[in-house]
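Novice: I am attaching a structure below and will ask some questions about it afterwards.
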Amino acid sequence: MHIVIAGAGEIGGQIAKALYTVHDVVVIDREAETREKLVQLDVQVLVGSATDVEILREAKVDMADVFVAATNWDEVNLLACMLAKGLGAKETLCFVGKASYMDILNDPRAIEILGTRIDKVLWPQRSLAKEIVEVIQVPGAVDAEVVANGRLHFVEYRVQEGGPYAKKEIALLDWPDGVFMAGVLRGDRFVASTDPGFGVLVLEPEDRLFFMTTHSGFDAIQACFVSKRNRGVRRVMVVGGGNVGYMTAKELLARRLEVTIIDHNAERCAWLAENLPGAWVLEGDGTNLELLESEGLDRADVLVAVTENDEKNLLVSLIAKQQGVPKVITRVNRAENRRLFEHVGIDIPMTPRQAAVREVLDWLLPENIDHLALIEDRVELMELELPPDFRSKLVTELDIPEGSVVVALERERKVFLPDGNLRANPGDKILILSAREVTDAVLAKVS
């Protein structure tokens, strides 16, 4: 496909990185430094405005299968999409950061006026809030997804220093029934459970472990990683009452959790109090230790720091860790800060970019492929429907590369975890976990 991306920032740059190996990609950005930034990618870079018709024509937007507007300015994205569509782009995808634009673009009257000039609108903050809530619901987990229409759970845990699994050889560990260990992420390297030498791998602190489980297995694996004292989540403190904080709090209240939300802006707090009945809304500085202590930080099961300032989020999170909060989830606005947050011991740093890139890949992948999860741009979970001409074979006989593993199979309304006798048949859906660098090879082999 010919894909034109407006904006080479956090989101646009990652989308280009995810797509350039299999698609013809053109990136438009106002900054001349963009060429150096994307020099390692085989993409064409045009310096200029995405609302400049001549630049759009130079990008051959009239031949574009997809036009993605991912600049930092909502108005630029909206206008660029309308211009691209008018010039002949088949489909347009627009990123927005303001809730007001989402309201307008979802209004049937606006759709009637705009026609089909904007085919899809994405709001990264909403996706981030959804992922935060999913992680909160699973104590002890770094990440969690419900897949296969709710019949399976994909969960990720971190090996703790001094914990029961640190310094243990994987082959000597015994996991509960209904649990399939899929692999280990160590630094930047993903090792799949079917890779040579996996069994003799000795787990180290900070290793990330991936599991696919049934419902019964999910409860059992929770017991392996979470103490009885920390299994239930009742109280959540949210610092930052912007869009992400509001949507997170709203979802948590719907799940009958106790929510305290702190924001520094008096007008915003009044709005939050009106729109979040049941939440305890406080006006104040979320980095004020006295305020946090007086409002029961030490009794919180989870702290969520989601202001738009990375330094403030980091400070709040470190205070929460020092006070012994079992789980701390932190918004990271700039991707380059993520490693810093991890290095100083923040449990779960999350970025709006991750959620955004995942949604774009979902939209662009072929109909028989669903992108289910993206873990730190290093590992992804995909669901592939096997074509009618697929030759039935054992799952263990599937020709997929090292660094990838089949973690489940879905047939009609039944799900199966891998074992030596499981066969894959035409029409089955298989879930594969793979390192990003081998994803294209997996799709070429199976889809």
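The values are calculated or read from the model by the stated rules, or taken from the named source; none is laboratory data. Nothing here was measured: the structure is a model prediction, and the numbers come from that model. Here the Cβ is made from the backbone with ideal geometry for all residues, glycine too, and neighbour counts use every protein chain on show. Side chains are part of the model used for accessible areas, which takes the heavy atoms of the whole protein and leaves out ligands, DNA and RNA. Shrake-Rupley method; radii C 1.70, N 1.55, O 1.52, S 1.80 Å.
Novice: May I ask you to order 149-158, 392-401 by the average number of other C-beta atoms within 10 Å around their residues, highest value first?
Specialist: 149-158, 392-401
Novice: So what are the ³J(HN,Hα) numbers for segment 250-261, from phi and the Karplus equation (6.51, -1.76, 1.60; θ = phi - 60°), rounded to whole Hz, Gly and Pro as x?
Specialist: 4, 5, 5, 5, 5, 8, 6, 8, 7, 10, 10, 10
Novice: How much length, in nm to one decimal, is gained on full extension between Asp419 and Glu308, taken as 0.36 nm per residue of separation minus their Cα-Cα distance?
Specialist: The Asp419-Glu308 span can extend by a further 35.4 nm.
Novice: Skipping prolines and chain starts, which residues have an amide H placed within reach, meaning under 5 Å, of the one on Val142, given they are 5 or more residues away or on another chain?
Specialist: Here the answer is Glu156, Tyr157, Arg158, since their amide H atoms fall under 5 Å of that of Val142.
Novice: Taking +1 at the Cβ of each Lys and Arg and -1 at the Cβ of each Asp and Glu, which of Ala441, Met82, Pro277 sits farthest along the dipole of the chain towards its positive end, judged by Cα position relative to the Cα centre?
Specialist: Working it through, the farthest residue towards the positive pole turns out to be Pro277.
Novice: Between Ala166 and Arg57, what is the spin-label point distance in nm, taking each point 7 Å from the Cα along the Cα→C-beta axis?
Specialist: Using points 7 Å along Cα→Cβ, the separation is 6.4 nm.
Novice: Compute a Gaussian network model of the chain, connecting alpha carbons closer than 10 Å, and tell me which residue from Met212, Met237, Met82 fluctuates the most.
Specialist: Judging by the Gaussian network model, the answer is Met82.
Novice: Size of the dipole of the chain about the Cα centre, Lys and Arg at +1 and Asp and Glu at -1 on the beta carbon, nothing else charged, in debye to 20?
Specialist: Taking the Cα centre of the chain as origin, the dipole is about 880 debye.
Novice: List the residues, sorted by chain then number, that are 5 or more residues from Leu122 or on another chain and whose placed amide H is less than 5 Å from its amide H.
Specialist: Close amide H contacts, sequence-distant or interchain: Cys94, Phe95, Val96.
Novice: Just to be sure I understand: with springs between alpha-carbon atoms less than 10 Å apart, which residue in Val328, Val238, Val202 has the highest mean-square fluctuation in the Gaussian network model of the chain?
Specialist: Greatest mean-square fluctuation among the candidates belongs to Val202.
Novice: Each label point is 7 Å from the Cα along the Cα-to-Cβ direction; what then is the distance between the points at Asp298 and Ala270, in nm?
Specialist: Placing both labels 7 Å along Cα→Cβ, they lie 3.6 nm apart.
Novice: Check which residues have an amide H placed less than 5 Å from Ala373's amide H, if you skip close sequence neighbours.
Specialist: Amide H neighbours of Ala373: Leu381.
Novice: Using the per-residue mean of other Cβ atoms lying within 10 Å as a proxy for protection, in what order, highest first, do the peptides 437-446, 337-346 fall?
Specialist: Top to bottom by mean Cβ count within 10 Å: 437-446, 337-346.
Novice: A further question follows. Charges at C-beta only: +1 for Lys and Arg, -1 for Asp and Glu. How large is the resulting dipole of segment 137-205 about its Cα centre, in Debye rounded to 20?
Specialist: Roughly 20 debye for segment 137-205.
Novice: Rounded to whole Å, give me the distance from the Cα center of segment 171-206 to that of segment 1-56.
Specialist: Comparing the Cα centres of segment 171-206 and segment 1-56, I get a distance of 37 Å.
Novice: Ok, one more. Return the calculated 222 nm mean residue ellipticity for the chain, to the nearest 500 deg cm²/dmol, obtained by summing -39500 (n - 2.57) across DSSP H runs with n ≥ 4 and dividing by the residue count.
Specialist: Values: 15 runs with 140 residues, N = 447.
Estimated from H runs of four or more residues: -9000 deg cm²/dmol.
Novice: Apply the Karplus parameterisation 6.51 cos²θ - 1.76 cosθ + 1.60, with θ equal to phi minus 60°, to every residue of segment 20-37 and state each ³J(HN,Hα) to the nearest whole Hz, in sequence, with x for glycine and proline.
Specialist: Couplings: 5, 5, 10, 9, 8, 10, 10, 10, 10, 8, 6, 8, 5, 5, 4, 4, 5, 4 Hz.
Novice: Sticking to Cα atoms, compute the Rg of segment 343-424 to one decimal and its Dmax as the biggest Cα-Cα distance, whole number, in Å.
Specialist: 15.8, 51
Novice: Starting from the Cα gyration tensor of the chain, take the square roots of the eigenvalues, sort them a ≥ b ≥ c, and report rounded, prolate or oblate (rounded when a/c is under 1.5, otherwise prolate if a/b is larger than b/c, else oblate).
Specialist: Oblate, because a/c is 1.5 or more while a/b does not exceed b/c.
Novice: Please list log₁₀ I(q)/I(0) at q = 0.15, 0.16, 0.18, 0.26 Å⁻¹ for segment 272-351, using the Debye equation with identical point scatterers on the alpha-carbon positions.
Specialist: -0.53, -0.59, -0.74, -1.27
Novice: In the structure displayed, which of Lys17/Lys445; Lys168/Lys321; Lys168/Lys445; Lys60/Lys120 lie more than 32 Å apart, Cα to Cα?
Specialist: Result: Lys168/Lys445 exceed 32 Å.
Novice: Taking one equal scatterer on every alpha-carbon of segment 1-55, how large is log10 of I(q)/I(0) by Debye at q = 0.25 1/Å?
Specialist: Debye intensities relative to I(0), on a log10 scale: -0.95.
Novice: Can I ask one more? Roughly what % antiparallel, to the nearest 5, for the DSSP beta bridges in the chain?
Specialist: DSSP beta bridges in the chain are roughly 55 percent antiparallel.
Novice: Something else: In Å², and per residue, what accessible area does segment 161-282 have when probed at 1.4 Å with the other protein chains present?
Specialist: 51 Å²
Novice: Something else about it: For segment 67-76, take each phi angle, set θ = phi - 60°, evaluate the Karplus expression 6.51 cos²θ - 1.76 cosθ + 1.60, and give the result in whole Hz per residue in order, putting x for glycine and proline.
Specialist: Calculated HN-Hα couplings, in order: 10, 10, 9, 10, 6, 8, 10, 4, 5, 5 Hz.
Novice: Relative contact order for the chain using alpha-carbon pairs under 8 Å, separation at least 6, rounded to a whole percent?
Specialist: Reported as a whole number, the value is 11 percent.
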